[in-house]
Amino acid sequence: MPKGKFIALEGVDGSGISTQVGLLKKWFLGRGERVFATKEPTDGPIGALIRQALTRRVVRPDGSPLDDTTLALLFAADRVDHLRCQIVPKLEHGVHVISDRYYLSSFAYQSLGDDLEWIKIINSRARRPDLFILLVVPPITSQERMSRDRWQVDLYEELPKMEVILRNYLAVARRLKEEGENVRIIDGARPLEEVQGEIRTLVEGVLKVLD
Ligand code: TMP
């Protein structure tokens, strides 16, 4: 049985990742293919802990937030658990997997507070996806989108920080490309359908590649 393909969508908060994942899932189903849409942080135990830390419902005994190094390790642990419990078994059974965020998120966000090389090391057990798609949206646009749809802001959602995260994403995406990973950078600020059209074209390219 051919293995499923693993696709990860990435971008700064408010860049439309979840919407595009939903549309891509529909497209796969419309083609009669088996697909599993998932996200990080996950709904598993480590993911739940991360969400509570990001919203400051889990803090240190003195009330301060968890530090960047601890969070980086939690994101990496959540990812390994996600792979073992969900992603790999699905791929092995021929199901395509689309993930809303994967290790590029850790490279872009956690390198704000720790050394990128170390972040890469702690994520080195995470398998390479067949395709990473980075949605590039100017942070001011992402922030406008978020203020329309969400009432809760998490730790990373302030504008200057978002600008640094976007720069990190672009730098790290270019570097991973040079290292042979399949990373595609697309303009996510266009109308939804146009962005989805480009995503589908990229995914079609990956589906043609036989293992
Ligand atoms: P979400 O809003 O997409 O659910 O993600 C929650 C936040 O977690 C978002 O601000 C991005 C951040 N994040 C990281 O900092 N590192 C990671 O590895 C992942 C997966 C998410």
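What separates the Cα centres of segment 51-109 and segment 1-35 is a distance of 19 Å. Pairs of lysine residues in segment 6-207 that meet both criteria, 8 or more places apart or on different chains and Cα atoms under 23 Å apart, total 10. Other residues lying with their Cβ under 15 Å from the Cβ of C85 contribute a combined charge of +1, Lys and Arg counting +1, Asp and Glu -1.
Restricting the trypsin sites (Lys or Arg not before Pro) of segment 22-102 to loop positions (DSSP other than H, G, I, E, B) with no more than 16 neighbouring Cβ atoms within 10 Å leaves R31, R34, R56, R57. To the nearest ten degrees, helix 45-54 and the longest principal axis of the Cα atoms of the chain are 50 degrees apart. Here's the list of aspartates and glutamates a cross-link from K3 could span, going by alpha-carbon distance under 14 Å and ignoring same-chain residues fewer than 8 apart: E33, E92, D130, D211.
Helix 17-30 and the longest principal axis of the Cα set of the chain meet at an angle near 20°. Using only helices, what value at 222 nm comes out for the chain when you add -39,500 (n - 2.57) per DSSP H run of length 4 or more and divide by the total residues, to the nearest 500 deg cm²/dmol? After summing the helix terms and dividing by residue count, I get -15500 deg cm²/dmol. Helix 159-178 axis versus longest C-alpha principal axis of the chain: approximately 40°, rounded to the nearest ten. Taking every alpha-carbon pair within the chain, the share separated by more than 33 Å comes to 11 percent. Under conditions of 20 °C and 1.002 mPa s, segment 88-146 yields 156 µm² s⁻¹ as its translational diffusion coefficient, taking Rh as the Kirkwood radius over Cα pairs in the Stokes-Einstein equation.
Taking every C-alpha pair closer than 8 Å and separated by at least 6 residues, the mean separation divided by the residue count of segment 55-211 gives a relative contact order of 24 percent. Let me test this: with uniform point scatterers at the alpha carbons of segment 37-125, what is the Debye-based log₁₀ I(q)/I(0) at q = 0.17, 0.18 1/Å? Each listed q maps to, in turn, -0.72, -0.79.
Each value in this text was obtained by applying a stated rule to the coordinates, not by laboratory testing. Treat the numbers as computed from the prediction; the structure is a model and nothing was measured. Glycine gets a Cβ as well: all are built from the backbone with ideal geometry, and neighbour counts include every protein chain shown.
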